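Quick note: the coordinates plus some simple rules give every number you see, no bench work behind them. These numbers were taken from a predicted model, which means no experiment stands behind them. Please note: Cβ atoms are built from the backbone with ideal geometry, for glycine as well, and neighbour counts cover all protein chains shown.
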Amino acid sequence: MFRTVRSRLVLSIAAATAAGLAVPGAAPAHGPHPQQSAVGVTRLVAALEGGNEVPGPAGSPAVGDPDGRAFETLRIEGNQVRFTIRWTGIGAPTAAHLHLGAAGTNGPLKVVLFSGPLPTTLTAVSGSVTVDDQTLLDSLASDPGAFYTNLHSAEFPGGAARGQLRNVTAIS
């Protein structure tokens, strides 16, 4: 369901994305809409930090790696969600998820991007998942800020780093 890649490849992808003149968070003057091509591709990003994690009720697993940071890109096309996540200051990730929820609140898990521990030598992962819930995909495209993504580790099973999703809008 996913494949791991070395940092070098992820940096190449990031450079290619930057060369495409994409600006995270920028939105057209007529309102906050995701960047979509004529073929219906949505691109989203999130900057994850340990301090963004929200503790659960008493007795919940540890959250919020104080050194944890990550950057995630999502490309939604049809029912495929392709992702790339690059991290630093976090032990080997054990899972990555998309949740419905505003900043500062915990919300229900909506999409598992990957689960299972990754090798400690990696600092990035890429892959894709199939999401058959079209309503969910439409919501991600129309209101990405209503969703957050988080990266889990053995040390912080409740979430090592978290970030709200944002649109990536092409400069024309």
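Of note:
- Farthest towards the positive end of the charge dipole of segment 76-166, among the residues F114, A102, A154, is the Cα of A154, using unit charges on the Cβ of Lys, Arg, Asp and Glu.
- Added length on full extension, which subtracts the Cα-Cα distance from 0.36 nm per residue, A58 to S139: 26.0 nm
- Extension gain (nm, one decimal) between D132 and E77, 0.36 nm per residue minus Cα-Cα: 18.6 nm
- Shape category assigned to segment 47-135 from the gyration tensor of Cα positions, a/c cut at 1.5: oblate
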